[in-house]
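To start, the structure under review is shown below, and the notes come after it.
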Amino acid sequence: MASAVMNATISGLNSTNTLFDVFEEVSKYNVQLNIAERLWAAWYLWMQNDVLATGIMSFVMHEIVYFGRSIPWMVVDTIPYFNKYKLQNQKLPSWKEQWECAALVLLSHCTVELPQIWLFHPVAAYFGMDYGVPFPSIWTMAMQISIFFVFEDAWHYWFHRALHYGPLYKNIHKLHHTYSAPFGLAAEYASPIEAMLLGFGIVGSPIIWVSVFGDLHLLTMYVWIILRLFQAIDAHSGYDFPWSLRHIVPFWAGADHHDLHHEKFIGNYASSFRWWDYCLDTEAGLEATKARRERKLAQIKGKKAQ
């Protein structure tokens, strides 16, 4: 926590103060901070335990964002008008399937992801992560998050592709392919090993960044996690709208990219971008298959002509 805030407020606090009392104290002596920064500082001062403060805030944030982003897709599934945008519109998840999926995901969050969330603060802080105030600039956050997207996409491509190797698929990744027509809640429907392995690309990229450059704020990490959750849930939504991001940014993967992966069980291994699958010829779908067939035929004709 920033020393200026600590020194200016800590003398006026005691164990009987409420969070709002601490917020008022912080606001009194730190008028240069905006409301969000004052609330952030007040939370850490009130908790008096940085690891616990980050752990609670991180877990609550993750659950609110994950289920909060998934629920709208559940609502969309009930509205016939949107069926024309459903990629596999003959397959709509039942309430039973979604409930069973949500139950397993919540169990995984509490048993697999919660310990990792709790360990994140001491590990990241050891490498130099900042969690004080003021917050970093929008430009700094945008630059770092863009880099994290690229790093994570590369990690996800190679390890996801590896998980489709026979024994690894059967023993680890098969659970995630329970639903050939995915839906938002199924984004983190995975075995514990897969959750940890692919999750390292999300959490590990920022830790590697801060260990090398020594510049990372916890708020940047939170914004990155929120955006990555949105990406994962939307990619599993099963819907491709005319206004979907992939129609604006051609190399963005989007739901159509990942929906094909679940339908065909092979290809389209990347998470956020299309370039790995394009460059390494692992694109899924009829068009990609036809293009590969035509290239092979051209090669065969070329050899015969020699």
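For the pair K290 and S180, the difference between a 0.36 nm per residue extended length and the Cα-Cα distance amounts to 37.4 nm.
Note on L119 and A36: their simple-model spin labels are 3.0 nm apart, each label 7 Å out from Cα toward Cβ. Would you mind checking the tilt of helix 218-235 against the longest principal axis of the Cα atoms of the chain, expressed as 0 to 90 degrees and rounded to 10? Between helix and principal axis, roughly 30 degrees.
Take the chain with all the other protein chains still there, run a 1.4 Å probe, and you get 53 Å² of accessible area per residue. Taken over the stretch 132-231, the ratio of Cα radius of gyration to 2.2 N^0.38 Å equals 1.22.
Within straight-line reach of K296, meaning a Cα separation under 29 Å, sit the following lysines at least 8 residues removed in sequence or on another chain: K264, K304.
If you plug the beta carbon distance of N89 and T16 into 1/(1 + (r/R0)^6) with R0 = 41 Å, you get a FRET efficiency near 0.10.
R0 = 30 Å: FRET efficiency of E24 with W139, Cβ-based, nearest 0.05? Once rounded, the FRET efficiency stands at 0.40. P(r) tail, the chain: Cα-Cα pairs separated by more than 34 Å, 33% of all pairs. All C-alpha to C-alpha distances of the stretch 191-261, sorted into 5 Å bins beginning at zero, yield P(r) values of 3, 14, 18, 20, 18, 14, 9, 3, 0 percent in whole numbers. Nonpolar atom fraction for the stretch 194-306, defined as the carbon and sulfur part of the 1.4 Å probe accessible area, stands at 66 percent. Measuring nothing but protein heavy atoms, the accessible surface of the stretch 54-112 at 1.4 Å probe radius is 73 percent carbon and sulfur. Note on the stretch 135-184: with neighbouring protein chains present and a 1.4 Å probe, carbon and sulfur make up 72 percent of its accessible heavy-atom surface.
Across the chain, the mean sequence separation of Cα contacts (distance under 8 Å, 6 or more residues apart), normalised by length, yields a relative contact order of 19 percent. Only Cα sites of the stretch 20-127 enter the Debye sum here, all with the same form factor; the resulting log10 I(q)/I(0) across q = 0.22 1/Å is -1.16, listed in q order. Counting only alpha carbon atoms, the long axis of helix 35-47 and the longest principal axis of the chain meet at about 70°. Estimated from helices alone, the mean residue ellipticity of the chain at 222 nm is -20000 deg cm²/dmol (sum of -39500 (n - 2.57) over DSSP H runs with n ≥ 4, per residue).
Between 0 and 90 degrees, the angle of helix 50-77 with respect to the longest Cα principal axis of the chain falls at about 40 degrees.
The values are calculated or read from the model by the stated rules, or taken from the named source; none is laboratory data. Given the structure is predicted, the values throughout are model-derived calculations rather than measurements. Note that we place each Cβ from the backbone using ideal geometry, even for glycine, and neighbour counts take in every protein chain shown. Only protein heavy atoms, including side chains, enter the accessible area calculation; ligands, DNA and RNA are left aside. Shrake-Rupley method; radii C 1.70, N 1.55, O 1.52, S 1.80 Å.
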